[in-house]
Amino acid sequence: MFFINVFYVLCAICFALYYFVRKQNGNVASTTKDSSISNFQKTYLVVYALAIGADWLQGPHVYALYESYGMTTHQIKILFVAGFGSSMVFGTVVGSFADKYGRRNNCIIYGVLYGMACVTKHFGNFWVLMLGRLLGGVATSILYSAFESWVVYEHSARGYDSDSLNTLFSQATLTNSLVAVGAGLAAQLAADCFGFVAPFDTSLLVLIIMVIVIGCTWTENHGDCSAPLTQTFTSAINAIKTGKHDKLFMKWCAISIILKPISYILFIT
């Protein structure tokens with residue numbers, strides 16, 4: 001009960017701060033008076049909320065599900081590492097894939113791959129779960145690249161001002177936070193009522209809705225269609241080579257590399 005009360009207090013503080021900041025920056029609202037900009041922002045945010053929500057729904061019960069299938073701690077660690085390794089490897093080429101074959105298509109592929117990963121959670125076989133982790137790793141790479149690439153290109157193509165793009169990303173950050181809380185509560189409710197696999201079925205349903213919405217509301221856009229699929233990987237290597245003498249860049253890389261693995265190591269152990 002204590003944690004629930006703390007949760008409510010934190011929610012109240014967050015909403016108060018949001019209202020205060022919004023009131024102090026009243027000029028932000030002026031950038032969204034154009035109905036076309038407002039509709040564009042809503043179109044993106046609805047899809048983004050569904051995409052990020054499907055991801056958040058799965059997070060809380062991955063370990064518990066593996067454990068319920070009788071997986072050893074060592075096997076669970078391997079599954080987690082495989083997922084992050086998949087994201088690392090394929091994350092270097094998904095950008096070029098989106099440029100070549102379409103960012104909208106790439107976002108739809110995210111839904112398909114992550115949906116397939118959800119289906120594998122119904123099986124207690126280690127190698128089926130491994131396949132799910134690999135698919136999930138690729139999907140995660142798409143989630144954190146293709147959606148923002150699509151909206152930035154589309155925003156520029158439609159000739160909207162940069163202030164409205166800043167507003168859109170701030171709204172997306174707020175949406176991410178709210179959806180994370182809501183998805184966590186929904187996942188727990190589903191798990192309590194139907195078992196540890198239920199949050200993944202819920203996520204699958206959300207992904208299906210997301211794909212339908214994208215197909216009905218988003219237009220396609222591309223980057224450099226002639227670029228090879230390895231271009232993103234090559235660019236990343238070159239960026240590391242040229243940035244290794246930049247202390248700020250290297251510090252940022254070190255923090256990014258170390259922070260999340262530590263949280264998962266502490267969680268698993």
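Quick note: the coordinates plus some simple rules give every number you see, no bench work behind them. Computed from a predicted model, the values in this text were never measured in an experiment. Don't worry about glycine lacking a Cβ; one is built from the backbone with ideal geometry, like all the others, and counts go over all protein chains shown.
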**Report entry** segment 33-80: Cα Rg divided by the 2.2 N^0.38 Å rule of thumb
**Finding:** 1.94
Query raised in the report: What nm value, rounded to one decimal, do you get for the distance between Asp192 and Ser162 when each label is placed 7 Å out toward the C-beta?
Result: 4.8
Report summary line: In nanometres, the difference between 0.36 nm per residue of separation and the alpha-carbon distance of Glu220 and Tyr101 is 41.9 nm
Query raised in the report: Which distance in nm do the two modelled labels at Cys11 and Lys77 give, with both placed 7 Å along the Cα-to-Cβ direction?
Result: 3.8
Query raised in the report: How many percent of Cα pairs in segment 120-214 exceed 23 Å?
Result: 42
Query raised in the report: Which of the peptides 197-204, 171-178, 127-134 is most tightly packed, and how do the rest follow, going by the mean number of other Cβ atoms within 10 Å of each residue?
Result: 197-204, 127-134, 171-178
Report task. Using only the C-alpha atoms of segment 40-109, find the volume of their convex hull and express it per residue in Å³. Result -> 101
Query raised in the report: For segment 100-147, what value does the Rg/Rh ratio take when both radii are computed over Cα atoms and Rh is the Kirkwood radius, given to two decimals?
Result: 1.06
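Please identify the chymotrypsin sites (Phe, Trp or Tyr not before Pro) of segment 134-179 that satisfy two criteria: DSSP loop assignment and at most 16 other Cβ atoms within 10 Å. Which are they?
Tyr144
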Query raised in the report: Which distance in nm do the two modelled labels at Lys42 and Ser256 give, with both placed 7 Å along the Cα-to-Cβ direction?
Result: 3.5
Report summary line: Net charge (Lys, Arg +1; Asp, Glu -1) of residues whose beta-carbon lies under 10 Å from that of Trp218, Trp218 excluded, is 0
